[in-house]
Amino acid sequence: MSASGGTKAIVAALLANLSIAVAKFVAFLFSGSSSMLAEAVHSVADSGNQGLLLLGGKRAQREATPQHPFGYGRERYIYAFLVSIVLFSVGGMFAIYEGYEKIKHPHEIEHWYWPVGVLVFAIIAETFSFRTAIKESNALRGRQSWKDFIRHAKAPELPVVLLEDLGALVGLFLALGGVGLALLTGDGIWDGIGTLCIGVLLILIAVVLAAETKSLLLGEAAGLEDVRKIEAAIVDGDTVPRIIHMRTLHLGPEELLVAAKIAVRHDDTATEIATAIDAAEARIREAVPIARVIYLEPDVYSETEAAKGADPTTTPGGPTHPDTAH
């Protein structure tokens, strides 16, 4: 995985979550707190998620094969989607179940200093992990807001780690609140309520992650800035006077497919057209280095045909023509 994949942030989160998970399980055994058990399972799920992200990054580096001619870049999207499923099923649903059971059968928390001490330690460790994720993300997001960065990032790892760490920190404060109220009131039901809140939080984060990674799996076009760069690189005003139409598609976070029909002059020879295409491809790769798969189709531009507008039946995902509908 390239540096932009956020490997440093993933490893920092993995180390933090493994140490926190062990501490939380120990605190649960001594205190019987359901919030501690839910948080321990949450940390185990997060550790598994970071493992999945690292595995996806490793598998995405495989060379293209005849069966998969565009390579395995989308493996990273698949594993990020699996992370959202794990977070939902293992983390969120377990926490809701455990919270319901604790509300139904409350009991006092024993050895209160265990859960409180572990939660404080976990908050410190998660803050370190979250800080690393923010630092890695700032190097990529530029002037984007955090919302736009998470929504439009083509590399899924950093948004996943950011949301996981944010959810972990909020969950820890919820657990601390639940344990604190249970100790102050002597009523274990507050511990169960805190656990329920953790479950709802994890499910909400999982839904957001699933929606964003689903979009990447379906296939997203290049960002507006890259599209403008590609368009400017193709048209040189001489050999390629204009673009008739163009499509872009991310084959992976760092691999872009560009397909365009370009206008050529009607009296250009085959050699001149081939030379123009080769030069345009070189300009595209210089302007947008991740544009690694490029297909340029020459055509004679017609003002008359252009005036008719785009034919929706030729657009991927467009409506089916009535004559061809089944």
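Descriptive notes on the structure:
- Entry comment: accessible area of the range 9-99 is 41 Å² per residue, from protein heavy atoms only and a probe of 1.4 Å.
- Accessible area of T185 in the full protein assembly, 1.4 Å probe (Å², nearest 10): 80
- Among L184, L204, the sequence by solvent-accessible area, most first, with a 1.4 Å probe is L184, L204.
- Accessible area, probe 1.4 Å, largest first, for residues L18, L257, L218: L218, L18, L257
- Orientation-averaged projected area, Cα convex hull of the range 5-126 (nm²): 8.3
- L37 contributes about 30 Å² of solvent-accessible surface, heavy atoms of the protein only, 1.4 Å probe.
- Computed about the Cα centre, the dipole magnitude for the range 60-124 is approximately 300 debye when only Lys and Arg (+1) and Asp and Glu (-1) carry charge, each at its Cβ.
- What you get for the range 42-168, charging only the Cβ of Lys and Arg (+1) and of Asp and Glu (-1), is a dipole of about 700 debye around the Cα centre.
- Accessible surface of the range 84-197 [probe 1.4 Å, protein heavy atoms]: carbon and sulfur percent: 68
- Candidates W146, T213, G99 compared by Cα position along the dipole of the chain: farthest toward the positive end lies G99, with charges placed on Cβ.
- Considering only L257, V227, G48, and ranking their Cα positions along the charge dipole of the chain that arises from unit charges at the beta-carbon of Lys, Arg, Asp and Glu, the one farthest toward the positive end is G48.
- For the chain, the percent of C-alpha pairs falling in each 10 Å distance bin, counted from 0 to the bin holding the largest distance, reads 6, 22, 24, 18, 13, 9, 6, 2, 0.
- Helical segments meeting 18 Å axial Cα length and Kyte-Doolittle 0.0 threshold in the chain (DSSP H): 7-31, 34-59, 113-141, 157-185, 189-218, 270-287
- For the chain, a crude dipole built from +1 on the beta carbon of Lys and Arg and -1 on the beta carbon of Asp and Glu, taken about the Cα centre, is about 600 debye to the nearest 20.
- F173 accessible area, 1.4 Å probe, all protein chains in place, Å² to nearest 10: 120
- Sequence of S129, S215 when ordered by accessible area, the most exposed leading, probe 1.4 angstrom: S215, S129
The values are calculated or read from the model by the stated rules, or taken from the named source; none is laboratory data. Quick caveat, the model's predicted, so the values are computed rather than measured. Positions of Cβ are generated from backbone atoms using ideal geometry, with glycine treated the same way; all protein chains shown enter the neighbour counts. What goes into the accessible areas is simple: the full protein's heavy atoms, side chains included, and nothing from ligands, DNA or RNA. Shrake-Rupley method; radii C 1.70, N 1.55, O 1.52, S 1.80 Å.
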